[in-house]
Amino acid sequence: MREYLLTLCITAAVTYLLTGPVRKFAIVAGAMPEIRARDVHREPTPRLGGIAMFFGLCAGLLVADHLTNLSEVFEKSNEPRALLSGAALIWLIGVLDDKFEIDALIKLGGQMIAAGVMVMQGLTILWLPIPSVGSVALTQWQGTLLTVALVVITINAVNFVDGLDGLAAGMVCIAAAAFFLYAYRIWYSYGIEAAAPATLFSAILMGMCLGFLPHNMHPARIFMGDSGSMLIGLVLAAGAISITGQIDPDALKLFAGSEKAAVHQTVPVYIPLLLPLSIIAVPAADLISAIVRRTWRGQSPFAADRGHLHHRLLEIGHSHSRAVWIMYFWSALIAFGSLAYSVNSASMWIVLGVVFLSAIGLVLLLLPRFTPRVPVWAQAVVPPRYRRRRPVAAESLEAVEVEQRTPVAVGVAGVNGATALRSRPHAPERRKAETSR
């Protein structure tokens, strides 16, 4: 655990320290596109934050390769090298897109090639757990197609959710934290060495997101861009592929004893093996809804719009920060709820806790729809938006209209703005200076 934490801290430190110079480089390179109709920010903001995240990934893998216990991951498995190869390719495509905005189909092809590079080096799905059947071995073509599909879906799900300051990095960090706990439990409790690469990937992914978040929280000073969103999506998918499709379910001893027949008829036993897929539930739901919405309108599935989940939260009435925290809440609830259920699926308290937190989340989600009537004695302690407005008399309305119609000279007291609550003492001196020039 100490080596994992050291790798996480090194990755976060390198990402954090490099983000500032990368921001200056992005400004000089002109990677500051104009504000589009679907954008939420109001000022041009530099991209290319994925450069710092990629070097953080390289630093984490380099440090882990020189540690006593984690170095065995590189000796016994080729998955870290496969991850680095695919990450380098997808990162280059993202950098080009952040600068030149390449076509969506070209990016899709690059994502498939990056997934194919990882498959060629051994990072692929070998079998799947199927309810009432057990683990089913996949052929080479089946495993390749399923691996490429999972990588492409995860990359685009993270890319689609990257619409608010700190949203994608925070949600992926929450998912990586839950995934790290699950993978470490399989590696440490069950003694399965095949879970070590996935544990390392999730620790590095947490470091990448934590190091970038201080620069990306609202108001963001830099965006990760496609070079960052596609990169963290690929790392997340690599961890899911490593632990879901390569660890034999029989090694977990889930089907031992007389419970085998009953367990095969229930889906909850497969929750631990499907946890890596549940941690991207919110981004995946946003991705599916976007594809259905755009196809229904006759548009391309890759056409950008303002119909994502975070855009709808803003339309409901949530502020920028509150919308981000609501998305954090639901991601954490799904990820850690699945994790807790995988540890003890027979506990009713876990189910009740998830239901209770879901009810709280719905209340927070719909809060702007309600304007409660606050008593007079409590209006001093509630925000102004919940206070009762005093009725305005008709005489006062007429007086306001007459006052608005009468012209007011500059310098008269009572005018709003920069004109003239009082005379400016430095104005004559400034005029003299200008005339002397």
Which one is nearest to W325 (Cα to Cα), of the residues in segment 185-223 that are modelled with pLDDT under 85 and part of a helix (DSSP H, G or I)?
-> R185
Among the residues of segment 67-76, is any open to solvent by 20 Å² or more (accessible area, probe 1.4 Å), modelled with pLDDT under 95 and closer than 14 Å to V235 by Cα?
-> no
Of all residues in segment 94-115, which are assigned to a helix (DSSP H, G or I) and surrounded by fewer than 17 Cβ atoms within 10 Å (Cβ to Cβ)?
-> L96, F100, A104, L105, I106, L108, G109, M112, I113
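Quick grid of which residues meet (1) in contact with a helix residue (DSSP H, G or I) (Cβ under 6 Å, 6 or more places away or on another chain); (2) among the β-branched types (V, I, T); (3) open to solvent by 10 Å² or more (accessible area, probe 1.4 Å):
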residue: G143; (1), (2), (3): no, no, no
residue: T154; (1), (2), (3): yes, yes, no
residue: N159; (1), (2), (3): yes, no, yes
residue: D162; (1), (2), (3): yes, no, yes
residue: A168; (1), (2), (3): yes, no, no
When you scan segment 358-368, how many residues do you find that are assigned to a helix (DSSP H, G or I) and open to solvent by 70 Å² or more (accessible area, probe 1.4 Å)?
-> 3
Tell me, which residue of segment 338-353 that is of a type in the set (V, I, T) and open to solvent by 50 Å² or more (accessible area, probe 1.4 Å) is modelled with the lowest pLDDT?
-> V343
Here the qualifying pairs (Cβ atoms under 6 Å; residues six or more apart or on different chains; first in segment 89-103 and in contact (Cβ under 8 Å) with a residue 24 or more places away in the chain; second open to solvent by 50 Å² or more (accessible area, probe 1.4 Å)) come out as none
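The values are calculated or read from the model by the stated rules, or taken from the named source; none is laboratory data. These figures come from a predicted structure and were not determined experimentally. Glycine gets a Cβ as well: all are built from the backbone with ideal geometry, and neighbour counts include every protein chain shown. Side chains included, ligands, DNA and RNA excluded: accessible areas come from the protein's heavy atoms. Shrake-Rupley method; radii C 1.70, N 1.55, O 1.52, S 1.80 Å.
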